[in-house]
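Working notes, beginning with the structure itself.
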Amino acid sequence: MLTAEIPADITKIKHRVMFKLTKRQLVCFGGGALIGVPLFLFLKSYVDVSIATTAMMLVMMPCFAFGLYEKGGQPLEVVMRHMIETRFLRPRKRLYRTENVYSILEAQHQLKKEVRKIVRMD
């Protein structure tokens with residue numbers, strides 16, 4: 001008898017395009033290959049092959065990370081943007097400020113009183 005595992009949350013299903021990889025993974029891996037392979041071919045004529053291979057892997061690793069890494073259903077660039085915003089762009093200390101509705105109503109009441117006084121004078 002054939003059995004198939006069905007995930008509880010249907011939104012977590014990802015469409016696989018080729019080689020059991022998603023479109024995002026294929027694009028990221030292809031971009032890494034487009035950068036890494038020419039770099040390897042260029043460097044192997046000037047330095048040792050192991051150094052050229054290491055340089056190629058170091059250049060290709062961020063592309064692979066962008067294709068594979070997900071945290072909480074969000075891709076790596078979204079996670080990195082949130083980290084940069086919280087670390088560097090937004091203030092560390094955020095003040096808690098409340099809006100006192102009573103004081104606003106009181107000020108509005110005072111303004112209405114002043115308007116009535118002005119209207120009565122004319």
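The values are calculated or read from the model by the stated rules, or taken from the named source; none is laboratory data. Note that the structure is a prediction, hence the values are computed from the model and not measured. Neighbour counts are summed over all protein chains in view; Cβ atoms, including those assigned to glycine, are modelled from backbone coordinates with ideal geometry. Heavy atoms of the whole protein, side chains included, go into the accessibility calculation; ligands, DNA and RNA do not. Shrake-Rupley method; radii C 1.70, N 1.55, O 1.52, S 1.80 Å.
Please give the solvent-accessible surface of Val78 in Å², to the nearest 10, using a probe radius of 1.4 Å with every protein chain present.
Surface accessible to solvent at Val78 totals approximately 30 Å².
Which value at 222 nm does the chain reach when only helices count, each DSSP H run of 4 or more adding -39,500 (n - 2.57), with the total divided by all residues and rounded to the nearest 500 deg cm²/dmol?
Dividing the helical sum by the residues of the chain leaves -19500 deg cm²/dmol.
Could you pull out the chymotrypsin sites (Phe, Trp or Tyr not before Pro) across segment 20-94 that fall in loop regions by DSSP (anything but H, G, I, E, B) with no more than 16 other Cβ atoms inside 10 Å?
Sparse-neighbourhood loop chymotrypsin sites (Phe, Trp or Tyr not before Pro): Tyr46, Tyr69.
With a 1.4 Å probe and all protein chains left in place, how much of the accessible area of the chain comes from carbon and sulfur atoms, in whole percent?
Here it works out to 65 percent.
Contour minus end-to-end for Leu26 and Leu95, with contour as 0.36 nm per residue of separation and end-to-end as the Cα-Cα distance?
20.4 nm
Can you tell me, using C-alpha contacts under 8 Å and at least 6 residues apart, the relative contact order of the chain as a whole percent?
So the answer I get is 17 percent.
Angle, helix 49-68 long axis vs. longest principal axis of the chain, Cα atoms, 0 to 90°, nearest 10?
40
Taking a probe of 1.4 Å, how large is the accessible area per residue of the chain, in Å²?
That works out to 92 Å² for each residue.
Where does the longest stretch of the chain lie that holds no trypsin sites (Lys or Arg not before Pro) found in a DSSP loop with 12 or fewer other Cβ atoms within 10 Å?
The reported range is 21-91.
Are there GluC sites (Glu not before Pro) in segment 67-108 that DSSP puts in a loop and that have at most 11 other Cβ atoms within 10 Å, and which ones?
Passing both the DSSP loop test and the Cβ count: Glu99.
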